[in-house]
1. Under 15 Å from a label point 7 Å along Cα→Cβ of ARG134: give me every residue in the range 78-100 with its amide N that close.
2. Between THR123 and GLU12, what is the FRET efficiency for a Förster distance of 30 Å, r being their Cβ-Cβ separation, to the nearest 0.05?
3. Need the C-alpha centroid separation for the range 40-60 versus the range 62-101, integer Å.
4. Under a point spin-label approximation (7 Å from Cα along Cα-to-Cβ), what is the THR143-ASP83 distance to one decimal in nm?
5. What are the residues whose amide H is under 5 Å from the amide H of GLY74, where those residues sit 5 or more places off or on another chain and H is modelled from the backbone?
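Readers should treat all values here as calculations from the given coordinates under stated rules, not as data from a laboratory. Note that the structure is predicted; figures quoted are calculated from it, not measured. Backbone-built Cβ (ideal geometry, glycine too); neighbour counts: all protein chains shown.
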Amino acid sequence: MNHRMKPGSALEAELRRQLACLSENRVQWFSQPPSASGPEQRELLETLQRYERLLEDILSGIIRDLEDSTVLIGSEVTLRFEDGGPDETFRIVLPDEADVDRGRISCLSPMGRSLLMARCGDTVEIRTPQGGYRARIVKSVRTFETDADAR
């Protein structure tokens with residue numbers, strides 16, 4: 001199903017909030033002692049730049065129909081891991097909203113950046129310091145919580 005963004009919609013407001021947050025916090029996120037190596041940081045920065053361009057294209061109307069299955073910040077994603085473990089569901093969030101115990105994964109984490117802009121049905125490679133693994137996105141639902149909902 002496609003979603004045509006309506007001016008003044010909750011989706012438009014959320015995408016604008018995300019763009020502002022990404023722009024305001026980029027220096028802070030990338031000037032702190034890095035947990036990722038130089039090449040990994042460059043890859044992460046490139047991913048965030050692609051994500052920002054996607055949001056700008058959506059907001060400007062260049063992309064008129066947004067697939068509901070496209071993983072954005074705010075999407076709830078169900079993964080099926082290739083190792084046969086049980087399906088797991090995560091919400092991709094901005095870094096200051098992350099809470100692993102509640103399944104809220106930062107878009108800057110290895111899993112978050114692997115899922116960002118993927119689509120339902122895609123198989124993603126998730127690389128962590130402990131090793132890599134693959135998972136297929138079996139469900140992606142875009143929902144946006146208010147700050148009160150997140151608590």
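1. Output list for this probe position: 80-85.
2. Working: r = 31 Å, r/R0 = 1.03.
The calculated FRET efficiency here is 0.45.
3. What the calculation gives is 16 Å, centre to centre.
4. In this crude label model, THR143 to ASP83 measures out at 2.8 nm.
5. Amide H neighbours of GLY74, under 5 Å, 5+ apart: ILE92, VAL93.
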